[in-house]
1. For the range A:98-165, list the helices (runs of 4 or more DSSP H) that sit wholly inside it and hold at least 3 residues that are at pLDDT below 95; which are they?
2. What number goes with the only condition from (1) more than 19 Å from the chain's Cα centre (by Cα); (2) buried (at least 24 other Cβ atoms within 10 Å of the Cβ); (3) of a type in the set (Ser, Thr, Tyr) that A:Ser375 does not pass?
3. Would you point out the residue of the range B:102-130, among those that are aliphatic (A, V, I, L, M) and more than 8 Å from chain A (Cβ to nearest Cβ), that is nearest to A:Gln99 (Cα to Cα)?
4. Out of all the residues in the range A:327-354, which are within 14 Å of another protein chain (Cβ to nearest Cβ) and surrounded by fewer than 24 Cβ atoms within 10 Å (Cβ to Cβ)?
5. Considering each residue of the range B:168-205, count those that are within 12 Å of another protein chain (Cβ to nearest Cβ), surrounded by fewer than 22 Cβ atoms within 10 Å (Cβ to Cβ) and part of a loop (DSSP other than H, G, I, E, B), and give that number.
6. Say whether the condition of being in contact with a Gly (Cβ under 6 Å, 6 or more places away or on another chain), within 13 Å of chain B (Cβ to nearest Cβ) and under 30 Å from B:Gly184 (Cβ atoms) is met by at least one residue in the range A:237-246.
7. List the number of the failed condition for A:Ile154; all other conditions in (1) more than 17 Å from B:Ala132 (Cβ to Cβ); (2) in contact with a strand residue (DSSP E or B) (Cβ under 8 Å, 6 or more places away or on another chain) hold.
8. So which pairs qualify, if the first residue must be in the range A:142-158 and more than 13 Å from chain B (Cβ to nearest Cβ), the second must be assigned to a loop (DSSP other than H, G, I, E, B), the Cβ gap must be under 6 Å, and the two must be at least 6 apart or on different chains?
Number of protein chains: 2
Amino acid sequence: MQHQPQRDQTHALLRSRNIERALFANLATVKWLTGFAPPIQTGTSAFLGGPPMVWYENGYWTLIVLDWQEVNAGEFARQENCALVSYTGYTVKQPLTGQVKLRGLFRSVAQNKLSGKIGIELRDAPADIALALHEIGAAELIPTDTWLDHFRRIKTTQELQKMRDNFRLTDIGHAAARQAVQVGAREIEVWNAAHAAIERAAGQRVPLGNDCVVGYRKENIGGWPLDYEIHAGDSVIVDLSTILHGYWSDSCATYYAGEPSAKQRAMHTTAQRALELAISLVKPGAVARDIDHQVREFMRKENYPVYPHHTGHSLGVTSHEDPRIVPYNDMTLQENMVIMLEPGIYFPEETSVRLEDAVLVKKDGAEILTHHDKSIP
Amino acid sequence: MQHQPQRDQTHALLRSRNIERALFANLATVKWLTGFAPPIQTGTSAFLGGPPMVWYENGYWTLIVLDWQEVNAGEFARQENCALVSYTGYTVKQPLTGQVKLRGLFRSVAQNKLSGKIGIELRDAPADIALALHEIGAAELIPTDTWLDHFRRIKTTQELQKMRDNFRLTDIGHAAARQAVQVGAREIEVWNAAHAAIERAAGQRVPLGNDCVVGYRKENIGGWPLDYEIHAGDSVIVDLSTILHGYWSDSCATYYAGEPSAKQRAMHTTAQRALELAISLVKPGAVARDIDHQVREFMRKENYPVYPHHTGHSLGVTSHEDPRIVPYNDMTLQENMVIMLEPGIYFPEETSVRLEDAVLVKKDGAEILTHHDKSIP
């Protein structure tokens, strides 16, 4: 069953709050509740009438999508207590009125007597739909934004499989990037090599984040690949996330054009040891800020500037979620959380290094999910 | 000045309707009003508090963005009567509360006495912000969705330059795709070759749509590239759109693996003649549905099945806009519209052809904006 545990948890929560009806309009929530993941690479389609939405009513779930999205959403409709409805987006016979059609469809889906409490993700729901619900005097709108975030932290077996598929792709991307980092190549060419390898392996288009930057950039922590040429002795941080089945991966390594300098070797070794330390601290019950503190302390003792970013973070239907491994966070790790760990050392306009692995929190420690080569040649 | 004519037109429209304040939340509108174009390749950022928005007040324009987006939005703030404000998205010092911060920032921007009419793009505005405005009893919300669409049809010189930059990229992508269509290659590899060539030429990441399909697919009109292998004699439809500066291009050609058959040659020649016919009909005052009708009639007379899609469409800050060249549309073409024309012939599970050019409507006819090679070898 596609994402049945997610719906069961949500159903129980809504019942406990006496909420019989709810509208979910946040894309992360919709993906998490249904397993449906629309393409995102080129932004909002001109044929879309609004975001994909889920209407909940007493344990029944209706996914509302554009007709062109049915091919990706069909599996959902075959689940128990689930239905799929769609509106016409593109047609040559009439003006493009997906927005109007979506609203009409929503009214027909949510046609039952709307009294009592209606849960609604108010920050993402289209305003006109929310106002229409609001103006039904008999109903009370209950904002449910972020209500499901804590459920999302513990991954199901099915989610872990989706994430493993993603991490396999980033491994492939890194192997290609490592080869492509050569004197005279440009950041964007390294990126293209990684992206092509990933898409070829997946046999389809795959959205790709995050960073591909040479060490001599002013901001050499991260950034999108540009036209910077790789010079002899440059370090190149390559931080790759793929999005497959609606889930994110993440991963980082640092590559060198030609022979790394002694300074780069020392930095790289320290980053490796910091990452090993971080991984060794992962277990159920570990406190996020303690892991963060110990890895930063290690960097300090090694006499390197302490990285200004997080030590790590979780991820899933979004790229960066709790538990964040940051100084303020007193959350404890639990089994079946997935945690990214990514210590780095940065000398702006000179050189930089960051190494990142994903780990699955297991009963007796961490299982590493990323398998890209992070060694220095 | 960045997009000053767009704001002047909008200001005049709002004044004529006695609307002193307005919230724009549709991304196409925001791009069109400001020239600001956020990255879209990997979907909504985990650090975003909501869509970029524009608050209008009596001729003054405030663009509200995530702090990380300031780098792309800075130019806007240097315009007359324009301001840029941003909220903190990512920090390691506090939980990620961009959603909360955006709302606080919006309240401070829209702090003046909110009475009278407030224009609002209700289909895209976050529901909680719209409800907050709604509950101010002194104000009346006026939905302004689609109000600016007709302005968007006539391109400014600045917009045309942005679009020419895009069409240059699709030309480059097509040259690479033509080379990559070889026996044994896969659709996704053709796509990667085009995408890499485009990004290398641009020196940055560029979102890429639309289609890359072999003729033997069941749906050989279009679709995203998959793992289909190209066999000897296959046709491959490659339809490319880039998004640069927030604007879309479009373009299509059909390539062949090895020697095209006599049937394919005849189809290709007919598609070329249909495209030439369509282009010859473009001039100010021409009626969209008349162009559509004549090109379909030509296909009929050539004894080919008439394509089930549009004959063409306009584009700009979205991929598909009016005037659509379709059977029902009685809009007339005007100078400085940009029109895509794309007749095709499809024999499902066998072979297909589509050729597409962009034209700019000029006083005395059409200027072709696409320069990719659409010939048959």
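1. On the way: elements: A:98-109, A:127-134, A:149-152.
Because the criterion is at least 3 residues that are at pLDDT below 95, the helices (runs of 4 or more DSSP H) in the range A:98-165 that meet it are A:98-109, A:127-134.
2. Condition not satisfied by A:Ser375: (2).
3. Only one residue fits best here, namely B:Ile118.
4. Correct list: A:Pro327, A:Tyr328, A:Asn329, A:Asp330, A:Met331.
5. Adding up the residues that qualify gives 3.
6. yes
7. Here A:Ile154 clears every test but (2).
8. Here the result reads A:Arg153/A:Met337; A:Ile154/A:Asn336; A:Lys155/A:Asn336, each pair linking the range A:142-158 to a residue that is assigned to a loop (DSSP other than H, G, I, E, B).
The values are calculated or read from the model by the stated rules, or taken from the named source; none is laboratory data. None of the values given here were measured: they were computed from a predicted structure. Heads up, the Cβs are rebuilt from the backbone with ideal geometry, glycines too, and the neighbour counts pull from every protein chain shown.
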